[in-house]
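Visitor: Pasting in a structure now, in structure tokens, and then I'll have a few things to ask.
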Amino acid sequence: MDARRIDAVVVGAGFAGLYMLHRLRGLGLETRGIEAGSGVGGTWYWNRYPGARCDIDSLEYSYQFSDALQQEWEWTERYATQPELLRYASHVADRFDLKRDIAFDTRVVSAHYDDVGQRWQITTDRGDVFAARWCVMATGCLSSANLPAIPGRESFAGAAYHTGRWPHEGVDFTGRRVAVIGTGSSAIQSIPLIAEQASQLYVFQRTPTYSVPAHNQPLDPEVVRAVKSDYRSFRERNAEQAFGFGSRQVRQAQGALAVDDARRERVYEERWLEGGLPFLSTFSDLMLDPAANDTAADFIRRKIRTLVADPAVAQRLTPTQVVGCKRLCVDTNYYTTFNRANVSLVDLREEPIEAIDAMGVRTARRHVDLDDLVFATGFDAMTGALERIDVRGRDGRPLKQKWSAGPRTYLGLATQGFPNFFMITGPGSPSVLSNMLPSIEQHVEWIADCVAHVRARGATTIDATRDAEDAWVEHVNAVGAHTLFPSCSSWYLGANVPGKPRVFMPYVGFPAYVSKCREVVARGYEGFTVA
Ligand code: NA7
């Protein structure tokens, strides 16, 4: 089949893909978006499980590139629900007339670089072939579902779901015996709601989770008015925070051990009442010093003991790892759900799962009879969606092969040997350790400016240099190693997927990262070769 020659292909129509399409079109490039789902929204298209909502404030988890858009859109709650976020994504797509350039229900299967024509040959599962100068992967950090290889998984006769592939028509668990496997963010959001419907809910927990209350509430019109009266400054203040969000929560400049016990306790209590992820920024050294971290961990552990009535259950729910090492969860009534008579905690450290069969799950101690099985088992994070596509760069080199010992990128935006190929919030950028929306916008704008730069120079390709990439990979590791993030088996390290190389993938520190990206541009795209 003849390839259709166009300027650019953008893979994915979540928040990253939508804005990228808008910007490339703005440069006058003929651009095609390709999306596996039937609609826009990415994460918020697929993750429709009960209770799914963002854990970043809606006033912050939103686009800022259009002041008219951020002024006119009205969020209803502190944390937006999945349906509201999906409506927002669709509104943005309509407002900027993006849908007409997106092929839905279409999955990209391969992207091969043609050295001679200097184009990306991109094929889809519908048989389309594009020959594009630019290829941008807006495939998401948490989009490739991780289903555990438990023996007999396919033999279950009831209904099985993954939280990240939830049926669009919803699921009614009323009167049913349900198991949730996993206790990460998706589980923590869905468990309290499933428990209200199910006759019996079994929570299969491998690692206990730290969670802080969301204290979600309708947005105060006064707060909205104040933010909107000077949205730009609000965005700027957030961008100065280590993780790119949360400027409204008061910050303590000092370390946790610099204050006395009573004061520290008071401050944690205040933060607990405020709720949300900024709990981890209560003191400046929580992710740097194990002793400091332990004061926060201990505070949450004590909260668990006061919230959970049965001391033995509370004990099983109590985490021991560094708090924040696995992504902190934000919940509404998670721990107290275990006080319900119809909820049982199955601790997989005491009784590992041996197999799944037609009737349910067999552990080392018992058989649990089930009607429904919910896999809240997460994702092949950061690299999964990219590696699922057969991407080949110069000389036909597969990306998967290049990354066999872990992802190698320059700035999390590009990877050497793959010219004109960009990743939005790729490994080696702040991505999942930041507010995704501003990170996405920063990447999209950087990529659009880069494309414009190459074209303005009358050049056709840009590629990272090996030296720049090696230095960046080393730097990402060094910065990560300076923190407590790599200290446990998390998906940041790829540890949740058997056989995946253990490499700490996100870059810690949003402000420093943004400065670095600006510096690279100011120095004439330092670390890149333009040809
Ligand atoms: P997560 O955070 O990766 O959580 C997955 C959970 O599933 C976690 O508790 C895992 O335990 C558990 N899991 C994974 N595999 C198994 C097996 N084989 N057996 C038992 N339990 C298992 O995914 P989420 O979807 O909750 O959240 C992803 C991100 O989305 C979240 O951080 C937010 O950024 C939004 P483990 O801890 O590995 O022992």
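Visitor: On the basis of being open to solvent by less than 10 Å² (accessible area, probe 1.4 Å), at pLDDT 95 or above, of a type outside the set (Asp, Glu) and out of contact with any strand residue (DSSP E or B) (no Cβ under 6 Å at 6 or more places or on another chain), does Thr163 make the cut?
Guide: It is true that Thr163 is open to solvent by less than 10 Å² (accessible area, probe 1.4 Å), at pLDDT 95 or above, of a type outside the set (Asp, Glu) and out of contact with any strand residue (DSSP E or B) (no Cβ under 6 Å at 6 or more places or on another chain).
Visitor: Can you find, within segment 319-341, the residue that is least open to solvent (accessible area, probe 1.4 Å) among those that are part of a strand (DSSP E or B) and not hydrophobic (A, V, I, L, M, F, W, C)?
Guide: Asp331
Visitor: Being within 14 Å of the ligand (Cβ to nearest atom), surrounded by fewer than 20 Cβ atoms within 10 Å (Cβ to Cβ) and not assigned by TED's automatic domain parsing to the domain that holds Cys54 is the requirement here; does Asp298 meet it?
Guide: no
Visitor: Which one of Tyr45, Tyr19 is within 16 Å of the ligand (Cβ to nearest atom), open to solvent by less than 50 Å² (accessible area, probe 1.4 Å) and either under 21 Å from Gly426 (Cα atoms) or not in a helix (DSSP H, G or I) (or both)?
Guide: Result of the check over Tyr45, Tyr19: Tyr45.
Visitor: OK, next. Residue pairs, Cβ under 6 Å, 6 or more apart or interchain, first in segment 506-531 and of a type in the set (D, E, K, R), second assigned to a helix (DSSP H, G or I). List them.
Guide: Matching pairs, first to second residue: Glu526/Val520.
Visitor: Looking at Thr209, Thr183, can you tell me which residue is within 16 Å of the ligand (Cβ to nearest atom) and more than 25 Å from Leu86 (Cα to Cα)?
Guide: So the residue among Thr209, Thr183 that is within 16 Å of the ligand (Cβ to nearest atom) and more than 25 Å from Leu86 (Cα to Cα) is Thr209.
Visitor: Same structure again: All but one of (1) in contact (Cβ under 8 Å) with a residue 40 or more places away in the chain; (2) surrounded by fewer than 16 Cβ atoms within 10 Å (Cβ to Cβ); (3) in a helix (DSSP H, G or I) hold for Leu85, so report the exception by its number.
Guide: (2)
Visitor: From the list Ala157, Ala131, Ala149, which one is over 26 Å from Gly428 (Cα atoms), away from the ligand (no atom under 13 Å from the Cβ), assigned to a loop (DSSP other than H, G, I, E, B) and not charged (D, E, K, R)? Full working, then the answer.
Guide: On the way: Ala131 fails: assigned to a loop (DSSP other than H, G, I, E, B); Ala149 fails: away from the ligand (no atom under 13 Å from the Cβ).
Only one candidate passes the filter, namely Ala157.
Visitor: Do we have Gln416 as of a type outside the set (Ser, Thr, Tyr), open to solvent by 10 Å² or more (accessible area, probe 1.4 Å), in a loop (DSSP other than H, G, I, E, B) and more than 16 Å from the ligand (Cβ to nearest atom) here?
Guide: Yes.
Visitor: A further question follows. Please verify whether segment 429-448 includes one or more residues that are more than 16 Å from the ligand (Cβ to nearest atom), on the phi < 0 side of the Ramachandran plot, buried (at least 18 other Cβ atoms within 10 Å of the Cβ) and among the polar types (S, T, N, Q).
Guide: Within segment 429-448 (the criterion being more than 16 Å from the ligand (Cβ to nearest atom), on the phi < 0 side of the Ramachandran plot, buried (at least 18 other Cβ atoms within 10 Å of the Cβ) and among the polar types (S, T, N, Q)), the answer is yes, since at least one residue qualifies.
Visitor: Consider only pairs whose beta carbons are under 9 Å apart and that are at least six residues apart or on different chains; among these, list those whose first residue lies in segment 169-196 and is without any contact (Cβ under 8 Å) to a residue 24 or more places away in the chain and whose second residue is within 16 Å of the ligand (Cβ to nearest atom) and assigned to a helix (DSSP H, G or I).
Guide: Partner pairs satisfying both residue conditions: Glu196/Thr337.
The values are calculated or read from the model by the stated rules, or taken from the named source; none is laboratory data. Predicted model only: the values in this text are computed from it and were never measured. Note that we place each Cβ from the backbone using ideal geometry, even for glycine, and neighbour counts take in every protein chain shown. Note: areas computed on protein heavy atoms with side chains; ligands, DNA, RNA excluded. Shrake-Rupley method; radii C 1.70, N 1.55, O 1.52, S 1.80 Å.
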